Amino acid sequence: CNAYGFGAMTYRNNGGFFAIFNTVHDVDFFGGYAPSGGSVVLRNNIFSLKRTNSCSGFMKERTITHDFNLYTLASYDPDGEANRVVAASVFADAPRNFALAAGSPAIGKANQIEESVFATFQARYGLDIRRDMRGNRRPNGTWDMGALEAVTGPTPLSPAAFLVQ
């Protein structure tokens, strides 16, 4: 519950930090420590199951820009955002399977404008990271919140497929 007892996400540079399309589950607190300088952007994430009797929902050492996130409890929201979603039922079978359940409110609710960090990463490193954690292309129709894109049809790719470009 301090700068050294990190939460789900943290960074240690002055250049800024983007945390997009993550699924955060079963942690003491959702935010993280951000040193002075730079900006912190949290977008298109799912924040689920904060441990009881732990820290407050978000540790806010610096200004955090956040939008298009899903919270499984309204009390997790750090201080309001225009396009947030609050819903209890999101996953197929958490904590064993974090795939989005059929009809999940996270499906199609991410920011539908492609995040600029995808193009920046590709220009800098030559890798296209517009994929979910299983290696499926993003978007698969519409942009979905969280680490896993909703998939219909063929069996999803394995995580190893993500490494093959």
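Does SER75 satisfy being closer than 21 Å to ALA147 by Cβ, loosely packed, with under 13 Cβ neighbours inside 10 Å and at pLDDT 65 or above? It is false that SER75 is closer than 21 Å to ALA147 by Cβ, loosely packed, with under 13 Cβ neighbours inside 10 Å and at pLDDT 65 or above. Looking only at segment 122-155, filter to residues that are open to solvent by 70 Å² or more (accessible area, probe 1.4 Å) and polar (S, T, N, Q); which one of those is modelled with the highest pLDDT? Filtering first and then ranking leaves GLN122. With respect to ALA94, is the statement that it is at pLDDT below 90 and within 21 Å of LEU42 (Cβ to Cβ) true? So ALA94 fits the description; yes.
The single condition from (1) open to solvent by 40 Å² or more (accessible area, probe 1.4 Å); (2) among the hydrophobic types (A, V, I, L, M, F, W, C); (3) over 28 Å from GLY16 (Cβ atoms) that PHE98 fails is (3). Scanning segment 18-72 for residues that are at pLDDT below 80 and of a type in the set (Phe, Trp, Tyr) yields a total of 4.
Summed over segment 91-124, residues that are closer than 15 Å to LEU148 by Cα and among the aromatic types (Phe, Trp, Tyr) total 2. Any residue at all in segment 4-11 that's part of a strand (DSSP E or B), surrounded by 15 or more Cβ atoms within 10 Å (Cβ to Cβ) and modelled with pLDDT under 85? No, there is no match, as no residue in segment 4-11 is part of a strand (DSSP E or B), surrounded by 15 or more Cβ atoms within 10 Å (Cβ to Cβ) and modelled with pLDDT under 85.
The values are calculated or read from the model by the stated rules, or taken from the named source; none is laboratory data. Because the structure is predicted, anything quoted here is derived from the model rather than measured. As a convention, Cβ positions derive from the backbone with ideal geometry for all residues, glycine included, and neighbour counts pool all protein chains shown. The area values use the complete protein model at the heavy-atom level, side chains included, leaving out ligands, DNA and RNA. Shrake-Rupley method; radii C 1.70, N 1.55, O 1.52, S 1.80 Å.
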